[in-house]
Amino acid sequence: MKKKCYFFIFIFFLFGCKSKNTQYERKSYTLLDNEIMTTMPGSLIVAGDYLVWEDPFARDYFVHVHDKETGKKIGVMGKVGEGPQEFITGGISQIAIDNRFFADDANGKTKGFLSLDSLILNKETFVPLSDSEQLSRPVMTELAKDLFVGITENGDKDYFKINVEGDVSTFGRYPISEVKQHIGGNFAYNSEKNLLAFASFNFPYLVLYQKTGNTFSLLWERKSNGNEYEVVDDQIIFDRTIGGIHEVCMSKDYIITLERDRDRDPIDESTVGRDVSKCPHTVFLYDYDGNLVKIVDLGIPVMRIAAGCRDNVLYAIGADPDYILVKYEL
């Protein structure tokens, strides 16, 4: 019983945001590419030696690949269209397994893989799914080979569901304990440490789970002590003027969140829309024990962030004033 009490006290003291020990610093970026041609960039992904970003509104190809070190454009994948092996509204997995991204179509039937190796060799990049893959692949977020995670149904006992080599189970607590309702958010996975982070873009909330066997166990969670929501008739009503965490990724030493430093930038989030100049220009760096170590001002409004698990380099797509691909040494 004592162990359980100590555990919950640990979780309690992680609630809240900044402490007096939190550092604040400003970083300058290293430019990788100043010709990011898109109306709004999609996800940014670190895949081995490459940086990959999606263009959800592309008219030709929706996946762009760059050299991670130099920013050099390697090529494009994922042809937009309505023909065979084409995507009306394409999207890819957030991880490349065997140097291939899973790709599917939100408004069409195309499913398959897009191969980085084939792109480098100037070959056809689309690889169709086999019949067995069509039947067995879960409709969930892919974290690693044979590891998928998703959300349960509102009202279920646990918040998340997991599929490990076909073994399905559930885990996780609801971010707002008063009601069993799912909220918007993003996953990040550290394959070196087998850690799963989930961050909500509805209100300031960050939680970390450790993979143990075929499930995940809670390590800690953080949420602010503010009044960003209320529960009315068993429904969560969020304060849209505040918002939450825009993006989350993990590096060697940090869990990195793209979020607004409201002490210095108290903008009304409901006014942002697609005005990129109003996007946050700060990232919060948490250590793996859940402590907020520092807040870094990136110097420009940022839409997307990504990092690898083996170093502390942050990659970002921001605006200065046009879209640019940059990196920072944290």
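The values are calculated or read from the model by the stated rules, or taken from the named source; none is laboratory data. None of the values given here were measured: they were computed from a predicted structure. When we count neighbours, we look across all protein chains shown, and the Cβ atoms used for this are built from the backbone with ideal geometry, even at glycine. Side chains are part of the model used for accessible areas, which takes the heavy atoms of the whole protein and leaves out ligands, DNA and RNA. Shrake-Rupley method; radii C 1.70, N 1.55, O 1.52, S 1.80 Å.
Straight-line cross-link reach from LYS211 at under 20 Å between alpha-carbon atoms covers these aspartates and glutamates, not counting any fewer than eight positions away in the same chain: GLU142, ASP146, ASP158, GLU165, ASP167, GLU192, GLU221, ASP253, ASP287, ASP289.
Our summary of shape: the Cα atoms of region 266-330 have principal axis extents of 34, 25, 15 Å, ordered from largest down, in whole angstrom.
Mean separation of Cα pairs under 8 Å and 6+ residues apart, divided by the residue count of region 44-165: what relative contact order is that in percent? Could the numbers behind the result be given before it?
Values: 235 pairs, mean separation 17.3, N = 122.
It rounds to 14 percent for region 44-165.
Direction-averaged projected area, Cα convex hull, region 139-201: 4.5 nm², rounded to one decimal. Ligands, DNA and RNA excluded, the heavy atoms of ILE267 present near 40 Å² of accessible surface to a 1.4 Å solvent probe.
Using heavy atoms of the protein chains and a probe of 1.4 Å, the accessible area assigned to ASP253 is about 70 Å². When only Cα pairs below 8 angstrom with a gap of at least 6 residues are kept, the chain shows a relative contact order of 17 percent. Of TYR254, TYR205, TYR24, the residue with the largest accessible area leads and the full order is TYR24, TYR254, TYR205 (1.4 Å probe). The convex hull of the Cα atoms of region 209-309, projected and averaged over all directions, covers 8.5 nm².
Taking only DSSP H segments of four or more residues, each worth -39500 (n - 2.57), what value at 222 nm results for the chain once the sum is divided by all its residues, to the nearest 500 deg cm²/dmol?
On the way: 3 runs with 24 residues, N = 330.
Calculated mean residue ellipticity at 222 nm is -2000 deg cm²/dmol.
Using a probe of 1.4 Å on the protein chains alone, the accessible area found for ARG274 is around 150 Å².
Cα-Cα pairs above 22 Å in region 14-170: how many percent? Show your work: numbers first, answer last.
Values: 6428 of 12246 pairs.
Value for region 14-170: 52 percent of Cα pairs lie more than 22 Å apart.
Applying 1/(1 + (r/R0)^6) with r as the Cβ-Cβ distance of GLN134 and ILE97 and R0 = 22 angstrom yields a FRET efficiency of 0.85.
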